[in-house]
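First up is the structure itself, then whatever we jot down about it.
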Amino acid sequence: MKRKRDVSTSSAVVPARRVTARARPADRVFKFLSTSAAVSIMVILAGVALFLIIRALPAIGANWTTNPDLKTGVTGGFSGFWSYVGPLAFGTVWASVLALLMATPVAIGIALFISHYSPRKMANFLGYIIDLLAAVPSVVYGLWGIMVMRPFLLPLQEWLNAYLGWIPFFSGSVTSTGSSILTGAVVLAVMVLPIITSISREIFLQTPKLHEEAALALGSTRWEMIRLAVFPYGRSGVVSAILLGLGRALGETMAVAMIISPAIVVSFRLITEGENPQTIASNIALNFPIATGLQRDALIGTGLVLFVISLAVNMVARLIVNAKPRRKKVRDAGNPRGSDPGRGDGVSAADAEDDEMLSPLAAHRQERLGDDGYDGADGADGDVAAARTAVSAGFGAGLDKRAEGDQP
Amino acid sequence: MKALRFGQTAAVIAAGALALTACGGSSTGATSSSPVASSAAADYGSLSGTITAGGSSAQANAQAAWSAGFKAQAAKVAVNYDKSQGSGGGVTNFTAGSYDFAGSDAYLSVDQATKAQAVCGIGGAVNLPVYLDGVSIVFNLKGVDKLQLSAETLAKIFTQQIKTWDDAALKADNPGVTLPSTTITTVTRSDGSGTTQNFTNYLHQMAPAVWTTPVSNKWPVAGSSAQQGGSGVVNTVKAGDGTIGYADHSAIGDLSAAAIKAGDKYVSFSQDGVTKAVATAVTPAKSGVAGDLSQDIDYTKLTTGDAYPIPLISYDILCTTFKDAAQAKLATAYIGYVVSDQGQKIAAKNAGSAPLPSALAEKIRETLKTVS
């Protein structure tokens with residue numbers, strides 16, 4: 001994406017690229033390899049979708065009240081596919097949303113601490129710890145949930161029911177084992193925490209130093225600086241980080257299956273034993289082994305619905321990151337702080353160039369954590385591109401390398 | 001040649017050792033099988049190949065013990081039993097032709113039997129009850145370590161008509177026991193399970209007035225604490241107070257289990273009790289396949305006071321006619337070992353299962369002779 005810009009704005013680069021484009025065997029081989037890698041991912045995705053659709057269709061079309069397979073066992077008692085998958089889809093989204101409600105504020109807090117408050121050594125250490133959280137297998141989270149979190153959260157749930165039971169969320173007969181969706185959501189929140197934190201941290205680190213210092217120069221406190229410079233700049237990145245976390249939560253299986261006592265119902269109650277809506281993924285995991293014939297197809301059909309939900313979430317995340325209006329907002333947010341801090345201090349000639357171009361010097365800005373001063377003088381767009389990459393890469397380790405590669 | 005002879009000697013020694021250890025355990029289900037075992041051991045040594053099977057996770061521990069025991073006698077045979085499939089997966093893979101036999105907590109339904117004919121030929125498949133256990137009612141209630149329950153009370157508890165432990169029905173079942181007013185939390189399986197199937201079948205037969213939902217491998221009553229797997233149920237019962245749940249007896253660990261009313265006595269679980277129950281209460285299910293041993297349990301017959309009222313039967317299912325005769329030899333040898341006295345004792349020791357009644361084991365051996 002950025003390469004194209006280089007081509008359109010800087011004629012000096014063009015011949016150089018032509019030379020490399022003159023195909024040598026190694027180039028051709030590499031191009032072939034990378035192209036086929038790119039194609040294969042499409043083929044795999046299409047294959048999965050096709051498998052889901054083909055296997056699901058018989059169950060979706062079948063008559064659930066008369067079919068000998070479907071009217072008994074794991075799918076028994078439902079009038080049709082949609083009445084079966086409806087509560088499951090609700091449960092999937094509900095559990096994930098609850099987890100995000102808890103995880104997001106904490107994740108953003110951690111990310112801000114790492115990027116703007118903590119001493120550098122501690123930031124590195126904390127970042128490492130957070131990434132480690134992502135590496136814990138979900139079955140371990142499940143066991144932790146059963147052994148530790150259930151008994152730990154039980155008194156809280158009893159208290160909520162006794163004193164706040166008039167709020168519908170906390171009504172119903174309170175759990176006696178802690179096996180409620182609230183416990184499940186807390187564990188789920190811990191599981192999505194590293195994803196949101198890592199991406200948010202990268203986004204916050206991208207905030208132009210000039211914006212921040214301009215805010216500080218105007219007499220902002222550090223919190224005001226974050227509010228004026230960091231948040232507006234990172235908003236879309238953080239939103240997509242949350243959505244990627246949502247994606248993870250939607251597909252989580254083992255921990256949910258182990259912790260929550262599920263029922264196929266639509267219920268907003270948080271602390272009951274018997275009214276916790278089941279999620280699609282854990283329903284499949286729990287019932288697939290014993291399911292036979294069409295029951296299996298029905299479960300695969302619910303998998304198809306999950307596939308569609310996840311796809312939709314990821315597409316929305318993409319749309320938000322790629323949304324154009326963002327760029328304007330950054331400028332608007334920058335302006336009130338004073339005379340366009342982004343370029344006022346122009347250290348290099350790059351400032352004079354079009355906004356569309358990412359200055360070569362921007363590369364140095366990537367290393368600004370290590371530098372005392374700033375060499376960075378870059379337009380908002382460079383950062384947008386960087387933010388996109390950060391989000392695409394998930395964990396933004398690739399950022400620095402990318403920046404180096406761009407240096408002429 | 002030398003190696004072969006050594007192998008045979010080793011097999012005989014190993015068999016002898018196993019038989020000796022097994023004898024040390026318990027004197028259950030005695031049949032006349034020491035000559036059978038030793039002659040069989042000589043047979044097994046010449047076998048070689050791989051048996052591919054899978055299904056019921058209830059059988060998993062027993063299958064592991066059996067394959068280890070069988071391996072000691074037939075060193076060149078590998079038995080791969082995939083427990084991750086569950087009963088449903090076992091039957092599905094079997095009817096797709098990829099298993100030599102399937103482990104399942106229920107015998108083949110009419111539909112599945114028809115599907116099996118596609119793989120096995122018109123002879124179809126036989127269900128052989130090789131693994132017996134009991135469904136235990138486990139509970140955790142402060143100050144109470146012995147509990148007696150009738151089928152009716154059990155059904156009322158699990159349909160949540162009885163809500164506290166000091167209910168009149170519970171008091172009537174437990175004279176002289178001080179029951180607290182703790183709320184009852186019923187713990188059930190969240191995954192589909194043969195244990196659920198057996199337990200709902202029991203309630204359906206014995207307390208039809210209270211238990212009105214149909215028999216199902218998926219727990220049908222809303223409002224319980226649903227947990228994953230037998231271990232999930234056991235852990236949750238253990239962690240709570242006032243909890244009650246059901247699980248395979250072999251999985252309950254050190255939890256207390258209730259004695260269940262049969263006739264006018266309350267019977268606690270014992271391996272002998274299950275063997276006795278299966279010996280007295282099963283009636284052959286009609287499947288139309290010669291030699292098939294599908295069993296229906298008539299719980300009302302269990303009134304003698306020494307038979308455990310909720311037995312659990314798990315089957316190994318195999319074709320009457322294999323496509324490959326060598327494979328048929330392997331599978332029948334293995335199942336033959338499984339139902340032998342030695343095999344049943346090993347399973348009882350390692351997996352906590354109950355030994356087969358000798359008459360039933362004999363019938364299985366008869367059927368195995370017809371498998372080719």
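The values are calculated or read from the model by the stated rules, or taken from the named source; none is laboratory data. The model shown is predicted, which means the values in this text are computed figures rather than measured ones. Cβ placement follows ideal geometry from the backbone for every residue including glycine, while neighbour counts extend to all protein chains displayed. Keep in mind that these areas ignore ligands, DNA and RNA; they rest on the heavy atoms of the full protein, side chains included. Shrake-Rupley method; radii C 1.70, N 1.55, O 1.52, S 1.80 Å.
For chain B, set up a Gaussian network in which alpha carbons nearer than 10 Å are linked by springs, and say which option among B:T50, B:T178, B:T280 fluctuates the most.
B:T178
Might you tell me the accessible area per residue for chain B, computed with a 1.4 Å probe and given in Å²?
40
Among the DSSP beta bridges whose two residues both lie in chain B, what percent are antiparallel, rounded to the nearest 5?
Bridges in chain B that DSSP calls antiparallel: roughly 65 percent.
Can you list the equivalent-ellipsoid semi-axes of the stretch A:175-311, largest first and in whole Å, using the square root of 5 times each Cα gyration tensor eigenvalue?
Each semi-axis is the square root of five times an eigenvalue, giving 42, 18, 10 Å.
Output the peptides A:275-282, B:166-173, A:189-196 sorted from most to least packed, where packing is the average of other Cβ atoms within 10 Å over each peptide's residues.
Answer by packing, highest mean first, reads A:275-282, A:189-196, B:166-173.
So what is the diffusion coefficient of the stretch B:236-372 in µm² per second by Stokes-Einstein at 37 °C and 0.692 mPa s, using a Kirkwood Rh over Cα pairs?
So the translational diffusion coefficient is about 195 µm²/s.
Could you report the buried accessible area between A and B, both sides summed, computed with a 1.4 Å probe and given in Å² to the nearest 100?
Looking at A and B, the buried total is near 1900 Å².
How big, in percent, is the set of alpha carbon pairs in the stretch B:300-350 lying more than 16 Å apart?
61
Return the Rg/Rh value of the stretch B:189-284, two decimal places, where both radii are evaluated on C-alpha atoms and Rh is the Kirkwood radius.
Reported Rg/Rh, Kirkwood definition of Rh: 0.95.
On alpha carbon coordinates alone, what is the Rg over Rh value for the stretch A:85-128, Rh being the Kirkwood radius?
Taking Rg over the Kirkwood Rh, I get 1.30.
Just by accessible area at a 1.4 angstrom probe, what is the order of A:M315, A:M225 from largest to smallest?
A:M315, A:M225
In whole Å, what are the extents of the stretch A:43-188 along the principal axes defined by its C-alpha atoms, from largest to smallest?
That works out to 65, 52, 26 Å along the principal axes.
Over the Cα atoms of the stretch B:286-329, what Rg and Dmax result, in angstrom?
When restricted to Cα atoms, the stretch B:286-329 yields Rg and Dmax of 16.0, 47 Å.
Roughly what % of Cα-Cα distances in the stretch B:82-230 sit above 21 Å, to the whole percent?
Roughly 54 percent, once rounded to a whole number.
Over all distinct Cα pairs, what is the inverse of the mean 1/r for chain B, reported as the Kirkwood hydrodynamic radius in Å?
The answer is 21.3 Å.
Other chains' Cβ within 10 Å of A:169-176 residues: what's the mean?
3
Provide the descending list of Cα extents for the stretch B:158-218 along its principal axes, expressed in whole angstroms.
In descending order, the Cα extents are 35, 23, 17 Å.
Treat the stretch A:223-270 as a sphere of radius equal to its Kirkwood radius over Cα pairs and apply Stokes-Einstein at 10 °C in a medium of 1.306 mPa s; give the translational diffusion coefficient in µm²/s, rounded to a whole number.
Here the translational diffusion coefficient equals 114 µm²/s.
Set the bar at 21 Å for Cα to Cα. Now go through A:K71/B:K163; B:K218/B:K363; B:K146/B:K265; B:K115/B:K286 and name every pair that lies beyond it.
A:K71/B:K163; B:K218/B:K363, as the Cα separations exceed 21 Å there.
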